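Engineer: This structure is in structure tokens; I'll ask about it shortly.
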Amino acid sequence: MAILLRTFAAASCSWINPATGLPENDSPIVAASLSRAFLTGTQGFRFCNFVEAWVKVDDVRRTIVDRGFSNSSRIYRSPSFLKVPSHEFRTLQDMGNDQKGVRFTQIAGARTVTAEVVGTSVGAGVGGAVAGPLGAVAGGVIGEAAAHQVGNFPPIWSKILMTIYIDGRFEAELLQHSLFPSLTFYTQTLGANGTPTSLFARTDLRPGLTLYDGRKSPELADWHNRGWGMCQQGKGPSGGNPWCITKGTTGGSENVPT
């Protein structure tokens with residue numbers, strides 16, 4: 001019996017377009033290819049949903065004998081505004097076999113808590129100066145928060161489906177994502193012998209759409225209004241969120257439907 005191990009990966013990068021005018025933004029992620037090191041790093045994006053999965057195939061019987069997600073399959077985050085760490089939601093993973101291969105689904109997301117952290121710092125500093133970099137810009141941040149009616153921001157998230165086939169092929173699709181911010185999808189490239197490389201190629205979200213560009217209007221306002229509560233059904237940009245986070249929630253308080 002010959003057991004073959006096949007491992008493949010895909011990733012979605014969420015980024016804030018400078019056209020939003022928000023105080024924290026990113027260089028647009030439009031490159032034709034990106035390295036694995038970038039996708040699993042901590043700079044250049046809001047967060048990256050990196051999916052890496054493997055199957056073991058009995059090449060004689062043409063059956064799958066084992067399967068799983070690698071340890072690298074998770075969310076990767078850049079610090080939020082003022083370098084405050086975002087809140088990372090529990091990564092949701094699922095696997096399902098059919099006669100041709102294994103389907104791997106991963107949902108990952110995070111939420112900025114800068115306004116809440118700064119608000120707490122300002123509250124603690126009432127009657128005296130607020131020390132450190134938080135105090136230096138607290139007024140501007142609270143002004144931004146008030147302008148967007150935020151004691152908090154909705155989650156940003158994405159859902160990826162990847163299928164690894166018994167015959168050695170793999171496919172990946174970005175199924176759903178939050179209404180904001182922008183998002184680009186990448187799939188692992190293969191060498192001449194079919195071996196996965198360390199480069200990932202930009203992949204269309206659907207024919208003719210190379211990326212999702214969530215700018216300030218109407219996507220940002222729509223996200224603030226509809227980014228809360230139960231995730232809506234369908235594909236593409238969607239209201240709600242997979243953890244059913246409601247407006248006014250602090251930190252996590254996840255309530256994933258069963």
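The values are calculated or read from the model by the stated rules, or taken from the named source; none is laboratory data. Keep in mind that what you see is a predicted model, and the values were worked out from it rather than measured. Positions of Cβ are generated from backbone atoms using ideal geometry, with glycine treated the same way; all protein chains shown enter the neighbour counts.
Engineer: Looking only at the range 207-224, decide whether some residue is among the charged types (D, E, K, R) and under 20 Å from Thr105 (Cα atoms).
Structural biologist: No; the residues of the range 207-224 include none that is among the charged types (D, E, K, R) and under 20 Å from Thr105 (Cα atoms).
Engineer: Being under 20 Å from Asp26 (Cα atoms) and in contact with a Lys or Arg (Cβ under 9 Å, 6 or more places away or on another chain) is the filter here; which residues of the range 195-223 pass it?
Structural biologist: The answer is Phe200, Thr210, Leu211.
Engineer: Enumerate the strands (runs of 3 or more DSSP E) found wholly within the range 1-116, keeping only those where 3 or more residues are over 13 Å from the mean Cα position of the chain (by Cα) and among the hydrophobic types (A, V, I, L, M, F, W, C).
Structural biologist: Result: 3-15, 47-58, 63-69.
Engineer: Shifting gears a bit: Suppose we keep only residues that are of a type in the set (A, V, I, L, M, F, W, C) and either at pLDDT 95 or above or out of contact with any helix residue (DSSP H, G or I) (no Cβ under 7 Å at 6 or more places or on another chain) (or both) within the range 143-152. Which one would you say is surrounded by the most Cβ atoms within 10 Å (Cβ to Cβ)?
Structural biologist: Filtering the range 143-152 for residues that are of a type in the set (A, V, I, L, M, F, W, C) and either at pLDDT 95 or above or out of contact with any helix residue (DSSP H, G or I) (no Cβ under 7 Å at 6 or more places or on another chain) (or both), the one surrounded by the most Cβ atoms within 10 Å (Cβ to Cβ) comes out as Ala146.
Engineer: Would you mind finding the one in Val65, Val57 that is farther than 17 Å from Ile160 by Cα, in the same structural domain as Leu211 (by TED's automatic domain parsing), among the hydrophobic types (A, V, I, L, M, F, W, C) and buried (at least 22 other Cβ atoms within 10 Å of the Cβ)?
Structural biologist: Val57
Engineer: Could you tell me how many of the residues in the range 7-45 are among the aliphatic types (A, V, I, L, M) and more than 10 Å from Ser182 (Cβ to Cβ)?
Structural biologist: Matching residues across the range 7-45 total 9.
Engineer: Going residue by residue through the range 37-46, is there one that turns out to be farther than 28 Å from Arg206 by Cβ, touching a strand residue (DSSP E or B) at 6+ places or on another chain (Cβ under 7 Å) and among the hydroxyl-bearing types (Ser, Thr, Tyr)?
Structural biologist: yes
Engineer: I've got another one for you. Tally time: how many residues in the range 32-44 are hydrophobic (A, V, I, L, M, F, W, C) and surrounded by fewer than 15 Cβ atoms within 10 Å (Cβ to Cβ)?
Structural biologist: Matching residues across the range 32-44 total 2.
Engineer: To continue, here is another question. On the basis of being out of contact with any Asp or Glu (no Cβ under 9 Å at 6 or more places or on another chain) and either more than 21 Å from Gly229 (Cβ to Cβ) or at pLDDT 50 or above (or both), does Ala110 make the cut?
Structural biologist: Against the criterion (out of contact with any Asp or Glu (no Cβ under 9 Å at 6 or more places or on another chain) and either more than 21 Å from Gly229 (Cβ to Cβ) or at pLDDT 50 or above (or both)), Ala110 does not qualify.
Engineer: In this structure, is Ala2 among the aliphatic types (A, V, I, L, M) and either modelled with pLDDT of 90 or more or out of contact with any helix residue (DSSP H, G or I) (no Cβ under 8 Å at 6 or more places or on another chain) (or both)?
Structural biologist: Here the answer is yes, as Ala2 does meet what is asked.
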